[in-house]
Amino acid sequence: MQTTVYYLVHKETRERVRYYKTRGGARIAQHSRNRQLGFWHRVERVEQFDNWEVELYRMQDGTIEEGTYCIIESTVDSVEIY
C-alpha cells in the first residue's frame, strides 16, 4: 500500500529534517522553523518544481524572500497493520 507523506526539508542542503502524515502538520512545522530563523511576515505559499511548497516572506527592508525550509510531498510503501 502506498502512503503520502510530507517531508520538511532544508532548502539549501536538501536535508530531510522530519516527515509528517498530514500537509497541515508539515505546514505548522515549516512556519515554526522559518519563524525561528527570522522570517516573520508570510506573504503566501507557492508550489515549485511540481512537488515543493515554499513560503514567501516580506522582510523588514520590503523585499520578498523564500523561507529556508520547504515541504516535499512524496509517496512511500507501507504495510498495513491490523
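The values are calculated or read from the model by the stated rules, or taken from the named source; none is laboratory data. Just so we're clear, the structure is a prediction, and the values are computed from it rather than from any experiment. Virtual Cβ from ideal backbone geometry, glycine too; neighbours counted across all protein chains shown.
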Of the residues that sit in the range 29-47 and are of a type in the set (A, V, I, L, M) and closer than 18 Å to residue 74 by Cα, which one is surrounded by the fewest Cβ atoms within 10 Å (Cβ to Cβ)?
46
Considering only the range 18-31, I want to know if a residue exists there that is farther than 10 Å from residue 8 by Cβ, β-branched (Val, Ile, Thr) and assigned to a loop (DSSP other than H, G, I, E, B).
yes
Being of a type in the set (Asp, Glu) and under 10 Å from the mean Cα position of the chain (by Cα) is the filter; apply it to the range 48-82 and report the residue that is surrounded by the most Cβ atoms within 10 Å (Cβ to Cβ).
55
Subset of the range 41-63 that is within 23 Å of residue 14 (Cβ to Cβ) and hydrophobic (A, V, I, L, M, F, W, C) - its residue that is modelled with the lowest pLDDT:
49
For the range 29-82, name all the residues that are over 30 Å from residue 1 (Cα atoms), in contact with a helix residue (DSSP H, G or I) (Cβ under 8 Å, 6 or more places away or on another chain) and β-branched (Val, Ile, Thr).
68
Filter result (more than 10 Å from the chain's Cα centre (by Cα) and either under 14 Å from residue 34 (Cβ atoms) or part of a strand (DSSP E or B) (or both)) within the range 1-15:
2, 3, 4, 5, 12
For the range 1-21, pairs from a residue that is more than 10 Å from residue 73 (Cβ to Cβ) to a residue that is part of a loop (DSSP other than H, G, I, E, B) and not β-branched (Val, Ile, Thr), with Cβ under 7 Å and 6 or more apart or across chains, are 1/78; 1/80; 3/78; 9/15
Just the residues that are touching a residue at least 24 places away in the same chain (Cβ under 8 Å) and in a helix (DSSP H, G or I), please, taken from the range 32-47.
33, 34
